[in-house]
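A short worksheet on the structure shown next.
The values are calculated or read from the model by the stated rules, or taken from the named source; none is laboratory data. Computed from a prediction, not measured in an experiment: that's the story for all the values here. Please note: Cβ atoms are built from the backbone with ideal geometry, for glycine as well, and neighbour counts cover all protein chains shown. What goes into the accessible areas is simple: the full protein's heavy atoms, side chains included, and nothing from ligands, DNA or RNA. Shrake-Rupley method; radii C 1.70, N 1.55, O 1.52, S 1.80 Å.
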Amino acid sequence: MSSINSSARLTVITGPSGVGKGSLVKQLMLRNDQVWLSVSSTTRAPRNGEIHGIHYNFMTVEQFSHLVEVGGFLEWAEFAGNCYGTPREAVVQQLSKGLPVLLEIELEGARQVRNSFPESFQIFIAPPSFDELERRITDRGTDSPEAIKRRLLRAQEELSAQNEFDAVVVNDDLESAVTEIEKLIGLI
Ligand code: 5GP
């Protein structure tokens, strides 16, 4: 780890499932060429339209466990019955070139990154209200009723941890939330 240029900024974006992290990050990347997003690995099945290598590296539990064993992840966590992890190598390479990195991950992963990279900047994305979050997860139509239940339970836990973060951005209006993130990470 000593080869990492500590001035290269590692930004973590966390927030409950359904809050709109994906849309925020997508907008952020469309508006800023220099934003590099790490592609996570997951044991979750691809949703409609998700492409291997672009949205996630989709893998079996065995493949994921092997990567955990060999230290292939910078952080990893279980979320609503599936495993998710940030591949270490690509992030370390990017940072060692002095280039900024963006991670879009859940709470446990953010905590692990905080321990290994105390200089990382951590942003929590909050919904305007819990009811609105529930509506967004349900309307998304991508998860089973059981998965929605698990995600909402986990969301309560994540929301109560928002004080741990360097900044909280409420995703009410997408454009304003993106602009706020751009200001926080020094893009504008
Ligand atoms: P989804 O199944 O909705 O794509 O993602 C579920 C949750 O896992 C989201 O909160 C997302 O931010 C998080 N997540 C995605 N990739 C990673 C990762 O590499 N590590 C961790 N810890 N969480 C991740």
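One table, with the values for the structure above:
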item	result
Members of the stretch 41-92 that are in contact (Cβ under 8 Å) with a residue 60 or more places away in the chain and either among the charged types (D, E, K, R) or surrounded by 13 or more Cβ atoms within 10 Å (Cβ to Cβ) (or both)	47, 79, 80, 91, 92
Test: residue in the stretch 144-152 that is open to solvent by less than 30 Å² (accessible area, probe 1.4 Å), more than 12 Å from the ligand (Cβ to nearest atom), in a helix (DSSP H, G or I) and modelled with pLDDT under 95	no
Selection count where residues are closer than 26 Å to residue 96 by Cβ and at pLDDT 95 or above, scope the stretch 9-20	5
Selected residue [touching an Asp or Glu at 6+ places or on another chain (Cβ under 7 Å), part of a loop (DSSP other than H, G, I, E, B) and open to solvent by 40 Å² or more (accessible area, probe 1.4 Å)] from 128, 118	128
Pairs where the first residue, in the stretch 156-183, is of a type in the set (Phe, Trp, Tyr) and the second is open to solvent by less than 60 Å² (accessible area, probe 1.4 Å) and not in a helix (DSSP H, G or I), C-beta under 6 Å, 6+ apart	165/122; 165/124
Matching residues in the stretch 131-143 - criterion: being of a type outside the set (Val, Ile, Thr), assigned to a helix (DSSP H, G or I) and either open to solvent by less than 70 Å² (accessible area, probe 1.4 Å) or closer than 19 Å to residue 35 by Cα (or both)	132, 133, 136
Only one of 110, 90 that is near the ligand (Cβ under 10 Å from one of its atoms) and at pLDDT 95 or above	110
Test: residue in the stretch 43-64 that is part of a helix (DSSP H, G or I), within 9 Å of the ligand (Cβ to nearest atom) and either touching a His at 6+ places or on another chain (Cβ under 6 Å) or more than 16 Å from residue 186 (Cα to Cα) (or both)	no
Scan of the stretch 15-42 for residues that are over 22 Å from residue 64 (Cα atoms), within 11 Å of the ligand (Cβ to nearest atom), part of a loop (DSSP other than H, G, I, E, B) and of a type in the set (Val, Ile, Thr), ordered by number	19
Residue within the stretch 96-113 that is open to solvent by 50 Å² or more (accessible area, probe 1.4 Å), touching a Phe, Trp or Tyr at 6+ places or on another chain (Cβ under 7 Å) and either in a loop (DSSP other than H, G, I, E, B) or more than 18 Å from residue 11 (Cβ to Cβ) (or both) present	yes
